[in-house]
1. What number of residues in the stretch 59-88 are more than 29 Å from R150 (Cα to Cα) and in a helix (DSSP H, G or I)?
2. I'd like the full set of residues that are basic (K, R) and near ligand 1 (Cβ under 7 Å from one of its atoms), limited to the stretch 209-232.
3. Could you list, in sequence order, the residues of the stretch 89-107 that are surrounded by 12 or more Cβ atoms within 10 Å (Cβ to Cβ) and in a loop (DSSP other than H, G, I, E, B)?
4. Could you list, in sequence order, the residues of the stretch 115-130 that are part of a strand (DSSP E or B) and away from ligand 2 (no atom under 16 Å from the Cβ)?
5. From G133, G103, G112, which residue is touching a strand residue (DSSP E or B) at 6+ places or on another chain (Cβ under 9 Å), more than 20 Å from P81 (Cβ to Cβ) and either more than 16 Å from ligand 2 (Cβ to nearest atom) or among the small types (G, A, S) (or both)?
6. Mind checking which residues of the stretch 54-88 are open to solvent by less than 50 Å² (accessible area, probe 1.4 Å) and polar (S, T, N, Q)?
7. Examine the stretch 58-79 for a residue that is more than 17 Å from K221 (Cβ to Cβ), at pLDDT 95 or above, of a type in the set (F, W, Y) and out of contact with any His (no Cβ under 8 Å at 6 or more places or on another chain), and state whether such a residue exists.
Amino acid sequence: MTDLVLNRRRLLTGLGIGTSGLLLSGCDALNGSEGFRSVLTGAERLTYGSQRAITDRNALAREFRPNERSPIFRANGTQNPDVPAYQAAAADNFANWQLVVDGLVAQPAAYGLNQLRAMPQRTQITRHDCVEGWSAIGQWTGVPLSLLLRLSGLSDRARFIVFHCADFYSGAPYYESVDLVDAFHPQTIIAHRLNDEPLPVANGAPLRLRVERQLGYKHAKYLQRIEAVASLDSVGQGNGGTWEDLAGYAWYAGI
Ligand SMILES: Nc1nc2c(c(=O)[nH]1)N[C@H]1C(S)=C(S)[C@@H](COP(=O)(O)O)O[C@H]1N2
Ligand SMILES: [Mo]
């Protein structure tokens, strides 16, 4: 079982904060050399180009004020999974619900809701856009997915994160997936609260993904398992998600 203590040093190391100071030392001495400066300028141009490509995907989705929230956050797709194990868990107020993190990680883990609630949280008020032509603004609170992936030690062979849900569509469990840019995006959270209340069953209780730069169908509800994989080929029918498999929806549904 994973060591759940959020040891400060481990967190900082995991977040890559510990070593950044090193980058600044020695610059002044080297700046005097013409050769070095032109190398630096070229490198800067390269970095700027790739930086822009990355920054676009990392840009934050717009966040709203509390008074801009929709009076009712509409529910769509499955609104109460017709699955005995889920119904039993709901009757028990999800007291024994477990979120598994496994696949290409050093330390697979399973977290109960209390453990997730005790971790660092992020709250954001965002607009959800469904392809069926409706939107709603809601306030979501949850654990950054990046934190869970770092706690489990994501392998450098991992390329995608798959979300496995408790409900079924056409005989198969609902699932979705994102790449690592979205997995580590600061607004990508495993949400357990909507508008300051525990997540309602209709909206994905007890846990659902928020991936704010993408359309509604990517926001997997009723989360049971988060799996790191190198390829999506052997997951579901191989297109990265339930609606991608069943209806040819785009896997990357950026907004
Ligand atoms: N497990 C699961 N996740 C799901 C769905 C679903 O049917 N099952 N529907 C998707 C679609 S199409 C949308 S628009 C949103 C709806 O989220 P909401 O019910 O909170 O509005 O959940 C998405 N995630
Ligand atoms: Mo949707």
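The values are calculated or read from the model by the stated rules, or taken from the named source; none is laboratory data. Everything quoted here is computed from the prediction, not taken from an experiment. When we count neighbours, we look across all protein chains shown, and the Cβ atoms used for this are built from the backbone with ideal geometry, even at glycine. Side chains included, ligands, DNA and RNA excluded: accessible areas come from the protein's heavy atoms. Shrake-Rupley method; radii C 1.70, N 1.55, O 1.52, S 1.80 Å.
1. Applying the first criterion (more than 29 Å from R150 (Cα to Cα)) to the stretch 59-88 yields 65-85, 87-88.
Now narrow it down to the ones that are in a helix (DSSP H, G or I): 66-68, 84-85, 87-88.
Qualifying residue count, the stretch 59-88: 7.
2. Of the stretch 209-232, the ones basic (K, R) are 210, 213, 218, 221, 225.
Selection gives K221 alone.
3. From the stretch 89-107, those surrounded by 12 or more Cβ atoms within 10 Å (Cβ to Cβ) are 89-90, 93-94, 97-105, 107; that's our starting set.
Answer for the stretch 89-107, where residues must be surrounded by 12 or more Cβ atoms within 10 Å (Cβ to Cβ) and in a loop (DSSP other than H, G, I, E, B): N93, F94, W97, L104, Q107.
4. Quick first cut of the stretch 115-130, residues part of a strand (DSSP E or B) only: 122-130.
Once the filter is applied, which keeps residues that are part of a strand (DSSP E or B) and away from ligand 2 (no atom under 16 Å from the Cβ), the stretch 115-130 yields R122, T123, Q124, I125.
5. Working: G133 fails: touching a strand residue (DSSP E or B) at 6+ places or on another chain (Cβ under 9 Å); G112 fails: more than 20 Å from P81 (Cβ to Cβ).
Unique residue meeting the criteria: G103.
6. Initial filter on the stretch 54-88 (open to solvent by less than 50 Å² (accessible area, probe 1.4 Å)): 59, 61, 64, 70, 73, 75-78, 81, 83, 86.
Answer for the stretch 54-88, where residues must be open to solvent by less than 50 Å² (accessible area, probe 1.4 Å) and polar (S, T, N, Q): S70, N76, T78.
7. Yes: one or more hits.
A quick yes/no check of all residues on (1) within 23 Å of W243 (Cβ to Cβ); (2) of a type in the set (S, T, N, Q); (3) within 16 Å of ligand 1 (Cβ to nearest atom):
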{"residue": "R57", "(1), (2), (3)": "yes, no, no"}
{"residue": "R62", "(1), (2), (3)": "no, no, no"}
{"residue": "P66", "(1), (2), (3)": "no, no, no"}
{"residue": "R69", "(1), (2), (3)": "no, no, yes"}
{"residue": "I72", "(1), (2), (3)": "no, no, yes"}
{"residue": "T78", "(1), (2), (3)": "yes, yes, yes"}
{"residue": "A85", "(1), (2), (3)": "no, no, yes"}
{"residue": "F94", "(1), (2), (3)": "no, no, yes"}
{"residue": "W97", "(1), (2), (3)": "no, no, yes"}
